[in-house]
């Protein structure tokens, strides 16, 4: 089991993990055995992370997420084809396969427990060449689905800042937009803030080499900042290199409070309120 012998001290005020992948928690990661997703939720609640947003990044994961949330009232869901998933489907199954996947995601996105469309966006780190056009078309499709359903849009943006913003603005952004695992600089944070877009920060904020990201965090308005784990990825220091879980999020929240020069309770309350404003109360 990867759970530390000594878990982080519980938060003084509860917070919500705005982006995690519990479906990955029951798979092997780095050769480690993982607790059952229900046990992961209990571990999180014990340290003050009392609600989570579960993200399903392909059709199978989206179905799993909706079914799982039906049995756990502390869980809501986001569904989409991940930016790298759409090109994979297109390469293997062609346009017809991609359209079938879109139809399945659209049907699931209409469920009440699904509060967001995402994660969608662009990832130029893993997708190159002509397949980037498939990513962009997938991103546009998801943007319009979010607007059609009146749900939040969760954006994955890796090595693609300019194109993400260009597509988002040319297509017309939904009322609520979240940059998941924000990775831009202070200038980009200010740009997003001017448009009322939420920015979510993960364990990367604790990394030694993340000075530029911490500078960005400082300029995000109080009402637009979110926190996430992206678990089982992006594990905060001092557990970097191990699989992540929502129970480690207090480490990220405390580092965020330090960067923003507020006390832990204030930071937690802002995060709690903002997560409910963007996803609705549950």
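For the reader, a short list of remarks on this structure follows.
- Unique match (being surrounded by fewer than 22 Cβ atoms within 10 Å (Cβ to Cβ) and in a helix (DSSP H, G or I)) among 183, 166: 166
- Residue ID - surrounded by the fewest Cβ atoms within 10 Å (Cβ to Cβ), chosen from residues in the stretch 38-60 that are free of Cβ contacts under 8 Å to residues at least 60 places away in the same chain and touching a strand residue (DSSP E or B) at 6+ places or on another chain (Cβ under 8 Å): 50
- Residue within the stretch 139-156 that is buried (at least 16 other Cβ atoms within 10 Å of the Cβ) and free of Cβ contacts under 8 Å to residues at least 24 places away in the same chain present: no
- The stretch 78-96: number of residues that are surrounded by fewer than 24 Cβ atoms within 10 Å (Cβ to Cβ), at negative phi and part of a helix (DSSP H, G or I): 9
- Residue selection: residue 120 fails the criterion of being free of Cβ contacts under 8 Å to residues at least 60 places away in the same chain, under 20 Å from the mean Cα position of the chain (by Cα), outside any helix (DSSP H, G or I) and more than 17 Å from residue 61 (Cβ to Cβ).
- Residue within the stretch 232-243 that is part of a helix (DSSP H, G or I) and either within 26 Å of residue 23 (Cβ to Cβ) or in contact with a helix residue (DSSP H, G or I) (Cβ under 6 Å, 6 or more places away or on another chain) (or both) present: no
- Inspection of the stretch 203-225 finds no residue satisfying the criterion of being in contact with a strand residue (DSSP E or B) (Cβ under 6 Å, 6 or more places away or on another chain), buried (at least 23 other Cβ atoms within 10 Å of the Cβ) and not in a loop (DSSP other than H, G, I, E, B).
- Residue satisfying all of: in the stretch 246-282; in contact with a strand residue (DSSP E or B) (Cβ under 8 Å, 6 or more places away or on another chain) and assigned to a loop (DSSP other than H, G, I, E, B); surrounded by the fewest Cβ atoms within 10 Å (Cβ to Cβ) among these: 280
- Identity of the residue in the stretch 198-224, in contact with a helix residue (DSSP H, G or I) (Cβ under 7 Å, 6 or more places away or on another chain) and touching a residue at least 60 places away in the same chain (Cβ under 8 Å), that ends up farthest from residue 165 (Cα to Cα): 202
- Selection status of residue 25, buried (at least 16 other Cβ atoms within 10 Å of the Cβ), modelled with pLDDT of 95 or more and either more than 20 Å from the chain's Cα centre (by Cα) or over 12 Å from residue 249 (Cβ atoms) (or both): no
The values are calculated or read from the model by the stated rules, or taken from the named source; none is laboratory data. Just so it is clear, the model here is predicted, and its values are computed rather than measured. As a convention, Cβ positions derive from the backbone with ideal geometry for all residues, glycine included, and neighbour counts pool all protein chains shown.
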